[in-house]
Amino acid sequence: MRAVVVNTPGPVEALEVAETPDPAPGAGEIAVDVAYAGVGFVDTLFRAGAFDFPTPFVPGIEVTGRVRALGEGVTGFAVGQPVAALLNDFGRAARAGGYAEIAVAHSTMAVPVPEGADLARVTAALVNGVTAWIALHDLARLGVRDDVLVLGATGGLGGTVCRIAAVHPARRVIGVVGGEARRAAAPAACTDVVTADGLTDAVSAITGGRGVDVVVDAVGGDLRTAAFDGLAPFGRLLVLGNASGVDASLSGDAAWLNSRQVIGLNVGGTAHLVPERVATAAAAVVDLVHRGVLAEPAPHVLPLDRAGEAHAALEKRTAPAKTVLAVGTPT
Ligand SMILES: NC(=O)c1ccc[n+]([C@@H]2O[C@H](COP(=O)([O-])OP(=O)(O)OC[C@H]3O[C@@H](n4cnc5c(N)ncnc54)[C@H](OP(=O)(O)O)[C@@H]3O)[C@@H](O)[C@H]2O)c1
């Protein structure tokens, strides 16, 4: 099969298109003929060698397509059926493998997709949607009177968090963007958009000095600290990522004295421990996208052999909110 392979982690040029052996599903797994593979910031970290992944590997942790083959013991799927699958159950195996004509997923990480669904749009929502759903629904226990602040609202994860928070619904969805030039890229689901440099004053003004109930942070650095300081009593800071690469420390005493919670979520590291939670979130996301309730924008679509362009744009912070690679023939 044709795949994008990383033999030696490094810059964008480390992504090489190659012919590789067709993978076969093991026990409990399914093989998927891939129609689309999603591209996320985390893929650039894998490619660059941040996680010490065994080489050679094929990046990509979310795909849609049709079931090609079932491994031993798999029930509930049929060959030829459209599916969406997450490939980031790293507690089971060093997997990934999405940028390829055939991907292998654990069956608990896959959900059926209705015939005729927009597979590019579903692919674009998968990892970010499941992460956002578990974070907002299960962990933050988002309520209708809650104000939510989303750092990195222009990004893939941040954008989906804004849209799921709006559907849930939250009272306010306040999106944080890197600067005035990024304001137009904020999701329409935001009730308010503020720039990173004016975060503290803007949050105080919007919430009448009360602060926000939930912060969703996939950026880290000074923004994380400022957002933590802007939490209302009983507010929850959800730490989902670190696009800035800066791991700012937070004060335990500030959490205690202001009755704040700090909650981390790493879907890839824990998916194998909570398969029902992942499956429920994935089914909810696929259903909401297919019905148009979750208005995920159409992603930027590139052919498989241009994966490097998508990585370069993510690293330069010029990427569209989400890019997917067209791999096989969408049916
Ligand atoms: N917890 C999980 O299971 C999970 C799941 C998915 C993703 N993630 C993590 O979430 C993070 C974001 O992923 P993503 O795919 O949404 O990335 P993305 O599309 O590149 O979005 C990141 C956003 O962060 C903002 N940002 C602020 N400072 C930045 C900096 N110094 N460098 C880069 N971006 C900066 C950018 O918005 P502005 O330019 O407007 O500032 C950008 O839109 C990553 O750390 C990823 O690993 C975690």
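So that you can scan it fast, the table gives a plain yes or no per residue for (1) among the acidic types (Asp, Glu); (2) more than 10 Å from the chain's Cα centre (by Cα); (3) assigned by TED's automatic domain parsing to the domain that holds VAL203:
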site: VAL122; (1), (2), (3): no, yes, no
site: THR131; (1), (2), (3): no, no, no
site: LEU136; (1), (2), (3): no, yes, no
site: LEU139; (1), (2), (3): no, yes, no
site: LEU151; (1), (2), (3): no, yes, yes
site: GLY156; (1), (2), (3): no, no, yes
site: GLY159; (1), (2), (3): no, no, yes
site: ILE164; (1), (2), (3): no, yes, yes
site: VAL167; (1), (2), (3): no, yes, yes
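Being among the aliphatic types (A, V, I, L, M) and open to solvent by 10 Å² or more (accessible area, probe 1.4 Å) is true for just one of VAL79, VAL122. Which residue is that?
VAL79
Would you check which residues across the range 20-49 are surrounded by fewer than 17 Cβ atoms within 10 Å (Cβ to Cβ) and free of Cβ contacts under 8 Å to residues at least 40 places away in the same chain and list them?
PRO21, ALA48
Under 8 Å between Cβ atoms, at least 6 apart or on separate chains: pull out the pairs that start in the range 4-19 with a residue that is among the polar types (S, T, N, Q) and end on any residue that is in a strand (DSSP E or B).
ASN7/GLU16
Which residue is nearest to the ligand (Cβ to nearest atom), if the candidates are limited to the range 247-265 and must be touching a Phe, Trp or Tyr at 6+ places or on another chain (Cβ under 8 Å) and of a type outside the set (Gly, Ala, Ser)?
Once the filter is applied, the top-ranked residue is VAL262.
Can you tell me which residues in the range 219-246 are of a type in the set (Asp, Glu) and within 11 Å of the ligand (Cβ to nearest atom)? Walk me through how you get there before you give the answer.
Narrowing the range 219-246 to residues of a type in the set (Asp, Glu): 222, 229.
Hit for the range 219-246 is ASP222, nothing else.
Out of the helices (runs of 4 or more DSSP H) lying entirely within the range 118-215, which hold 2 or more residues that are under 27 Å from HIS290 (Cα atoms)?
119-133, 156-167
I'd like the full set of residues that are out of contact with any His (no Cβ under 7 Å at 6 or more places or on another chain) and of a type in the set (D, E, K, R), limited to the range 62-99.
GLU62, ARG66, ARG68, GLU72, ARG95
When the range 32-49 is examined, which residues are found to be within 15 Å of the ligand (Cβ to nearest atom) and either within 18 Å of the chain's Cα centre (by Cα) or of a type in the set (D, E, K, R) (or both)?
Within the range 32-49, ALA37, GLY38, VAL39, GLY40, PHE41, VAL42, ASP43, THR44, LEU45, PHE46, ARG47 meet the criteria.
Name the one entry in ALA313, ALA326, ALA307 that is within 15 Å of ALA124 (Cα to Cα) and either surrounded by fewer than 21 Cβ atoms within 10 Å (Cβ to Cβ) or within 11 Å of the ligand (Cβ to nearest atom) (or both).
The conditions single out ALA326.
Looking at the structure I just gave you, is CYS190 modelled with pLDDT of 95 or more, within 15 Å of the ligand (Cβ to nearest atom), open to solvent by less than 10 Å² (accessible area, probe 1.4 Å) and in contact with a Cys (Cβ under 7 Å, 6 or more places away or on another chain)? So that I can check it myself, show each step before the final result.
Working: modelled with pLDDT of 95 or more: yes; within 15 Å of the ligand (Cβ to nearest atom): yes; open to solvent by less than 10 Å² (accessible area, probe 1.4 Å): no; in contact with a Cys (Cβ under 7 Å, 6 or more places away or on another chain): yes.
No, not satisfied.
The values are calculated or read from the model by the stated rules, or taken from the named source; none is laboratory data. In this text, all values refer to a predicted model and were calculated from it rather than measured experimentally. For neighbour counting, all protein chains shown are included, and Cβ atoms are generated from backbone atoms with ideal geometry for every residue, glycine included. To get the accessible areas, we keep the full protein, side chains included, count just its heavy atoms, and leave off ligands, DNA and RNA. Shrake-Rupley method; radii C 1.70, N 1.55, O 1.52, S 1.80 Å.
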